[in-house]
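**Student:** A single structure is presented below for examination.
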Amino acid sequence: MLASIAVACVGRALLSPEVVALSMHYHDSSRLAAVLTDLRDRGYRCPDPADNEVSAVASDGEHPINGSDDPLSIERVRDVTPLSLVSHIGAAADAGRVPVLVVDKWDLEDAREILGEPFLLRGRSDGRRQFYSIPDRIALTDGRYACVRTDTDPQWHEESSTATDDGRDRTGTDEPRLVLEADGSVQAVLEADTLTCPGPDPAVFPYRYSRGTDRRIHVFDQDREVGRYAGIAAMRANAYRPVAMPLVPERHVRTGGQLARDVTLATMVPDGVAYEQP
């Protein structure tokens, strides 16, 4: 029925939002169902997904590419972004399962880049991890949000040779100090564990912003208001950029690190399902 509706409406100028949403659910569930069918053929026990489900658990089977014997968490991934992938992976690993991410073929290369070496990182430079940025903004303890003034997108990386009080190197650990750079200069340095509610102290960043009672965006430096804008786009046009949260992998994958590393990608191909570990 759904397929006939979609075909019948193609000739119109625009598909209705309801038909688009139904079509997305149909394709999500059909791809998930195809993977589960393939896994059953490999001896796994797994349920048939309901029409609105995009995940399922499979257990007691033979991993399709000689991976872990642990139960699998089959996740249909709609948006292949660093945040989306790490959210699926973290949830599966925390539940004690190996994540199997069902992705579309045109998203496969992006998934490989994010999940390949270095795992869930933008890159490495001189031994320092370089982090992806995610859409979340950094809220400060005064209720405003962090921003910087730059013509380029700020980038997060790990501070090298960050030592603890007992002299241990914190580089590459779950206790790093983070550096925000833009235009070749350091904009901010902070502890990773301050990226929680209520967030870092305002003094960590050169600028901060908030929406006032006049519904305009107000930008402040450490001493005073330095700009007032109709919205974020106008603020950006004057080089003030909101600071995006860095994706520090260990803050999203808190348990089951090896399970997370065993992540498997599943893609539909003409003769069935293809699996790979990035």
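The values are calculated or read from the model by the stated rules, or taken from the named source; none is laboratory data. Quick caveat: nothing in here was measured; it's all calculated off a predicted structure. Ideal geometry is used to build each Cβ from the backbone, glycine not excepted, and the neighbour counts take in all protein chains shown. Just so you know, the surface numbers come from the protein's heavy atoms only, side chains and all, with ligands and any DNA or RNA stripped out. Shrake-Rupley method; radii C 1.70, N 1.55, O 1.52, S 1.80 Å.
**Student:** Looking only at the stretch 213-237, count how many residues are surrounded by fewer than 12 Cβ atoms within 10 Å (Cβ to Cβ), more than 20 Å from A188 (Cα to Cα) and either free of Cβ contacts under 8 Å to residues at least 12 places away in the same chain or of a type in the set (D, E) (or both).
**Tutor:** 5
**Student:** For T267, are the conditions met, namely being assigned to a loop (DSSP other than H, G, I, E, B), within 30 Å of R124 (Cα to Cα) and either touching a Leu at 6+ places or on another chain (Cβ under 9 Å) or of a type outside the set (G, A, S) (or both)? Don't jump to the end; show me each part of the working.
**Tutor:** Working: assigned to a loop (DSSP other than H, G, I, E, B): no; within 30 Å of R124 (Cα to Cα): yes; either touching a Leu at 6+ places or on another chain (Cβ under 9 Å) or of a type outside the set (G, A, S) (or both): yes.
Considered against the rule, which asks whether it is assigned to a loop (DSSP other than H, G, I, E, B), within 30 Å of R124 (Cα to Cα) and either touching a Leu at 6+ places or on another chain (Cβ under 9 Å) or of a type outside the set (G, A, S) (or both), T267 comes out as no.
**Student:** Do you know which residues across the stretch 238-273 are more than 18 Å from the chain's Cα centre (by Cα), open to solvent by 40 Å² or more (accessible area, probe 1.4 Å) and not assigned by the TED database to the domain that holds E181?
**Tutor:** Q258, M268, V269, P270, D271
**Student:** Another question, if that's okay. Could you grab me the full set of residues in the stretch 106-140 that are modelled with pLDDT of 95 or more and in contact with a Ser or Thr (Cβ under 6 Å, 6 or more places away or on another chain)?
**Tutor:** Across the stretch 106-140, the qualifying residue is only L108.
**Student:** If you don't mind, another one. Of all strands (runs of 3 or more DSSP E) completely enclosed by the stretch 45-129, which ones contain at least 3 residues that are β-branched (V, I, T)? Show your work before the answer.
**Tutor:** On the way: elements: 55-58, 72-76, 98-102, 123-125.
Qualifying strands (runs of 3 or more DSSP E): 98-102.
**Student:** Given the residues I65, I114, which is the only one that is outside the structural domain of G212 (by the TED database), β-branched (V, I, T) and more than 30 Å from P200 (Cα to Cα)?
**Tutor:** Details: I114 fails: more than 30 Å from P200 (Cα to Cα).
Being outside the structural domain of G212 (by the TED database), β-branched (V, I, T) and more than 30 Å from P200 (Cα to Cα) holds for just one of I65, I114, which is I65.
**Student:** Tell me which residues, restricted to the stretch 88-98, are farther than 12 Å from A56 by Cα and open to solvent by 60 Å² or more (accessible area, probe 1.4 Å).
**Tutor:** Scanning the stretch 88-98 gives A91, D94.
**Student:** Let me ask something additional. Taking the options T196, T255, name whichever one is of a type in the set (S, T, Y), farther than 30 Å from L72 by Cβ and assigned to a loop (DSSP other than H, G, I, E, B). Can you show your working first?
**Tutor:** Values: T255 fails: farther than 30 Å from L72 by Cβ.
After applying the criteria, what remains is T196.
**Student:** Mind listing whichever residues of the stretch 19-38 are at pLDDT 90 or above and more than 13 Å from T267 (Cα to Cα)?
**Tutor:** Scanning the stretch 19-38 gives a single hit, T37.
**Student:** Same structure again: On the given criteria, is L247 at pLDDT below 95 and closer than 20 Å to P135 by Cβ? Break it down into steps so the answer makes sense when it comes.
**Tutor:** Details: at pLDDT below 95: no; closer than 20 Å to P135 by Cβ: yes.
It is false that L247 is at pLDDT below 95 and closer than 20 Å to P135 by Cβ.
**Student:** I've got another one for you. Using the structure shown, decide if L101 is at pLDDT 95 or above, surrounded by 20 or more Cβ atoms within 10 Å (Cβ to Cβ) and over 30 Å from A244 (Cβ atoms).
**Tutor:** Details: at pLDDT 95 or above: yes; surrounded by 20 or more Cβ atoms within 10 Å (Cβ to Cβ): yes; over 30 Å from A244 (Cβ atoms): no.
When the stated conditions are applied, L101 does not pass them.
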